[in-house]
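Single-structure report; data block below.
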Amino acid sequence: MTDGQTPTMAPEPAAAPTPPADPFGDKDGRIPAWGPWAVIFGTAAALTGVLVAIGFNLVLLLIGTTLFSIFGIYVWGRIVEGRRQAFDRAITLGIGSIFALAMVPLASLLYTVISKGLARMDSEFFTTSMRNVISDGGGILHAAVGTAIITGLATLASVPIGIMAAVYLHEYGKGKLKRALTFFVDVMTGIPSIVAGLFAFALFAILFGPGIRLGVMGSLALTVLMIPIVVRSTEEMLRVVPDGLREASFALGVSKWRTVAKVVLPTAMAGIVTGVMLAVARVIGETAPLLITTGTFSSVNLNPFEGRMANLPVFSYTQYKFPGVPPEPFIDRAWGAALVLILIVMVLFLAARLVSRRYGIELRK
Amino acid sequence: MDTKERQVETAASSATKDSTQSSRSGAVGKRIETKDLNIYYRSFLAVKDVTMTVQPNKVTALIGSSGCGKSTFLRSLNRMHELINGARVEGSVTLEGQDIYSAGVDPVRVRQQIGMVFQSPNPFPTMSIYDNTAAGLKLNSKRMDKEQMDGIVEKSLRGAHLWEEVKDRLDKPGAGLSGGQQQRLCIARATAVEPDVLLMDEPCSALDPIATSAIEDLMEEIKEEFTIVIVTHNMQQAARASDRTGFFNIGETGDPGVLIELDETDKIFSNPARKETEDYVSGKFG
């Protein structure tokens, strides 16, 4: 190959100042960085003009803009840059559009919750409960406290169980028992949350008689939902710990249990903590299981083992579903509680990112 | 457990105690003998009928082409092989006459006496340089005052020729060192628990020539105190750094690896008894 090409290619730059025809079919030109945007906005402007003439339609405008811009950038690229680059431009724009499409519901949801929830972001909202509140005013203190207690208890119960189950599955388990447990963890992951609620409800009804509502029942329901998430994420983190570290520890004459407890778990710790935070974020907004297990209550209740206990998702639901007269203060409280829930989840996500970045250990493959 | 096994176990445990409590000065490595050792991965026979003696306080190099079972054999010497699912061993491996595979022997205790250094440096990423060096003691929760532990850490790091480079940053993570330094840290970590034998599985294959030569010098020095078995792909390394060399070979893919011969390194490289060995060391194959 070199024999054939070297003589022909080497003298060429010296002999002919104009470069030879590009063997890849590339051209010299480049579409500037603003090019794709110019195509998109140009197409949108032109289409708006056409649509206004024949009757405006937003959906048609968006679809049309996407399709015509993809076509436009391809043609421009084909003329200026070459075939492969043109195709790349078209695909990039197509994928960008699909991403934008996926972001639409999220942006819309955030906008709705924030704009409607902002009405009640006052100090009264965070410092008072609904005790003796008939119409306007009132707050979410009782629900926020309830959510903290219920979710906290669920976390306390599911984290040790989940981590130990994952340690068993990844470090110790083999054969049929491991396969069976993995299967059941998968099944648990898919349990509809209302079923978890009904399980807690039925269990306590058997033990304490029908009609019982307790904070701890809600915790039990959330625990059922949280355990498989913690197991899955912890298992994933244990898998990332290189076998070389386990072997190094064994080769020092360290027993298996000490290796797991002092080498494997500390190495995976940042990832496990992140996983737990994401699991909390996942269950903190569960409404259905709490609706049937904790009931509703308008005062602060600090004892999860006695009496009904309010919480944010159920509070938001009941305020919206059963407003009084006039309905506005109830609706505002519902959106306010929803906004607080979103903020809590966001804080948890950010904390999870922070933990994994700050304490995460670069593991060599 | 019958009486004989119990004796083996108590002998093993007292040996461990002695080696950790007495100072290491004057300590010597121990002799390993294998007899008719067959090593399996499930039903696959990977290494067949190895009978050899590893002499104390010598560096024994194991050479041979890839996949001929050198590393597998090495890992069976301190019962690391059986950690792989379905892996097992037949035959006997004795450390100064004690069978390490007899029923009463705890593999954890065997590994305390026969340490290992791996192909790629693997310091514990959560631990500082100090903690990495003391890992064998700390992970086993050995009760020991600070001064005594400081002494062991310094001695081990000095032994691994790493002390001068890291003495001012013992609290920094071990993973922040260069590859060669990390491997010397791993050697310090392995020697800190004061084993009788040190197994090294291609310890230099991830290192540059300078780091490699540092580790070869190190082996020459620490063989005063340990018996060393090193697996290497590098025949020059075997010729340079070992006292005795064993050559493993494999018939065809799927056949088990066998030990062709084991002799003084000079003899293996100048005048081997077997034709295969001569072909291999002269570069005719492999």
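The values are calculated or read from the model by the stated rules, or taken from the named source; none is laboratory data. Owing to the predicted nature of the structure, the values given are computational and were not obtained by experimental measurement. Counting neighbours? That spans all protein chains shown, and the Cβs are built from the backbone with ideal geometry, glycine included.
Residue-by-condition table, conditions (1) among the β-branched types (V, I, T); (2) part of a helix (DSSP H, G or I); (3) out of contact with any helix residue (DSSP H, G or I) (no Cβ under 7 Å at 6 or more places or on another chain); (4) under 27 Å from A:A261 (Cβ atoms):
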site: A:G162; (1), (2), (3), (4): no, yes, no, yes
site: A:V187; (1), (2), (3), (4): yes, yes, yes, no
site: A:A196; (1), (2), (3), (4): no, yes, no, no
site: A:F201; (1), (2), (3), (4): no, yes, no, no
site: A:F204; (1), (2), (3), (4): no, yes, no, no
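Quick one: count up the residues across segment B:122-148 that are free of Cβ contacts under 8 Å to residues at least 24 places away in the same chain and in contact with a Cys (Cβ under 8 Å, 6 or more places away or on another chain).
Number satisfying all stated conditions: 0.
Which is hydroxyl-bearing (S, T, Y) and within 21 Å of B:S213 (Cα to Cα), of B:S156, B:S141, B:S128?
Values: B:S141 fails: within 21 Å of B:S213 (Cα to Cα); B:S128 fails: within 21 Å of B:S213 (Cα to Cα).
Testing whether each residue is hydroxyl-bearing (S, T, Y) and within 21 Å of B:S213 (Cα to Cα) leaves just B:S156.
If I ask for residues that are away from every other protein chain (no Cβ under 14 Å) and buried (at least 24 other Cβ atoms within 10 Å of the Cβ), which ones from segment B:73-91 would you list? Steps first, please.
Restricting attention to segment B:73-91, the residues satisfying the condition of being away from every other protein chain (no Cβ under 14 Å) are B:73, B:88-91.
Across segment B:73-91, the qualifying residue is only B:F73.
Condition test on A:F56, is it outside any helix (DSSP H, G or I) and over 30 Å from the mean Cα position of the chain (by Cα)? Write out each step before concluding.
Working: outside any helix (DSSP H, G or I): yes; over 30 Å from the mean Cα position of the chain (by Cα): yes.
So A:F56 passes the test.
Let me spell it out: the conditions are (1) in contact with a helix residue (DSSP H, G or I) (Cβ under 8 Å, 6 or more places away or on another chain); (2) in contact (Cβ under 8 Å) with a residue 40 or more places away in the chain; (3) within 14 Å of another protein chain (Cβ to nearest Cβ); (4) not aliphatic (A, V, I, L, M), and A:R258 meets all of them except one. Which number is the exception?
(2)
Does A:V276 qualify as being on the phi < 0 side of the Ramachandran plot, touching a Ser or Thr at 6+ places or on another chain (Cβ under 9 Å), more than 14 Å from chain B (Cβ to nearest Cβ) and β-branched (V, I, T)?
Values: on the phi < 0 side of the Ramachandran plot: yes; touching a Ser or Thr at 6+ places or on another chain (Cβ under 9 Å): yes; more than 14 Å from chain B (Cβ to nearest Cβ): yes; β-branched (V, I, T): yes.
It is true that A:V276 is on the phi < 0 side of the Ramachandran plot, touching a Ser or Thr at 6+ places or on another chain (Cβ under 9 Å), more than 14 Å from chain B (Cβ to nearest Cβ) and β-branched (V, I, T).
Which numbered condition trips up B:D196, out of (1) in contact (Cβ under 8 Å) with a residue 40 or more places away in the chain; (2) within 14 Å of another protein chain (Cβ to nearest Cβ); (3) over 13 Å from the mean Cα position of the chain (by Cα)?
Among (1) in contact (Cβ under 8 Å) with a residue 40 or more places away in the chain; (2) within 14 Å of another protein chain (Cβ to nearest Cβ); (3) over 13 Å from the mean Cα position of the chain (by Cα), B:D196 violates only (3).
If I filter segment B:96-103 for residues that are surrounded by fewer than 22 Cβ atoms within 10 Å (Cβ to Cβ), in contact (Cβ under 8 Å) with a residue 24 or more places away in the chain, of a type in the set (A, V, I, L, M) and more than 8 Å from chain A (Cβ to nearest Cβ), do I get at least one hit?
Yes, the conditions are met somewhere in segment B:96-103.
Scan B:D168, B:D217 and give me the residue that is part of a helix (DSSP H, G or I), within 21 Å of the chain's Cα centre (by Cα), more than 14 Å from chain A (Cβ to nearest Cβ) and of a type in the set (D, E, K, R). Explain how you work it out, then say what you get.
Working: B:D168 fails: within 21 Å of the chain's Cα centre (by Cα).
Exactly one residue qualifies, and that residue is B:D217.
Give me the residue from segment A:224-253 that is over 13 Å from B:M127 (Cβ atoms) and free of Cβ contacts under 8 Å to residues at least 12 places away in the same chain and, out of that set, farthest from the other protein chains (Cβ to nearest Cβ).
For segment A:224-253, the residue satisfying everything is A:D243.
Pick from segment B:205-225 the residues that are loosely packed, with under 14 Cβ neighbours inside 10 Å and of a type outside the set (V, I, T): which of them is farthest from B:Q237 (Cα to Cα)? Quick ask: steps written out before the conclusion?
First, the residues of segment B:205-225 that are loosely packed, with under 14 Cβ neighbours inside 10 Å: B:208-210, B:217, B:221, B:224.
Adding the requirement that they be of a type outside the set (V, I, T) leaves B:208-209, B:217, B:221, B:224.
Values: B:D208: 13, B:P209: 11, B:D217: 11, B:E221: 16, B:E224: 19 Å.
The selected residue is B:E224.
One line per residue, one yes/no per condition, for (1) at pLDDT below 95; (2) assigned to a helix (DSSP H, G or I); (3) in contact with a strand residue (DSSP E or B) (Cβ under 6 Å, 6 or more places away or on another chain); (4) more than 23 Å from A:L110 (Cβ to Cβ):
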| site | (1), (2), (3), (4) |
| --- | --- |
| A:R308 | yes, no, no, yes |
| A:T318 | yes, yes, no, yes |
| A:P323 | yes, no, no, yes |
| A:R333 | yes, yes, no, no |
| A:L348 | yes, yes, no, no |
| A:A352 | yes, yes, no, no |
| A:V355 | yes, yes, no, yes |
| A:R358 | yes, yes, no, yes |
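Residues being among the polar types (S, T, N, Q), crowded, with 23+ Cβ neighbours inside 10 Å and facing another protein chain (nearest Cβ under 8 Å): count how many of those fall in segment B:107-139. Can you show your working first?
Keep residues of segment B:107-139 that are among the polar types (S, T, N, Q), which gives B:112-113, B:119-120, B:122, B:126, B:128, B:132-133.
If we keep only those that are crowded, with 23+ Cβ neighbours inside 10 Å as well, we get B:112, B:122, B:132-133.
After this cut, where a residue has to be facing another protein chain (nearest Cβ under 8 Å) as well, the list is B:112, B:122.
Total satisfying the criteria: 2.
Output the number of residues of segment B:186-213 satisfying the condition of being assigned to a helix (DSSP H, G or I) and closer than 24 Å to A:L245 by Cβ. Step through it out loud before you land on a result.
The first filter runs over segment B:186-213 and keeps only residues assigned to a helix (DSSP H, G or I), leaving B:186-192, B:209-213.
Subset that is closer than 24 Å to A:L245 by Cβ: B:186-192, B:211-212.
Within segment B:186-213, residues that are assigned to a helix (DSSP H, G or I) and closer than 24 Å to A:L245 by Cβ number 9.
Find all pairs meeting these conditions: Cβ atoms under 6 angstrom apart; at least six residues apart or on different chains; first residue within segment B:40-67 and at positive phi; second residue part of a strand (DSSP E or B) and hydrophobic (A, V, I, L, M, F, W, C).
B:G64/B:F247; B:G64/B:F248
Return only the number of the condition from (1) touching a residue at least 40 places away in the same chain (Cβ under 8 Å); (2) out of contact with any Asp or Glu (no Cβ under 9 Å at 6 or more places or on another chain); (3) surrounded by 14 or more Cβ atoms within 10 Å (Cβ to Cβ) that A:T189 does not satisfy.
Going through (1) touching a residue at least 40 places away in the same chain (Cβ under 8 Å); (2) out of contact with any Asp or Glu (no Cβ under 9 Å at 6 or more places or on another chain); (3) surrounded by 14 or more Cβ atoms within 10 Å (Cβ to Cβ) one by one, A:T189 breaks only (3).
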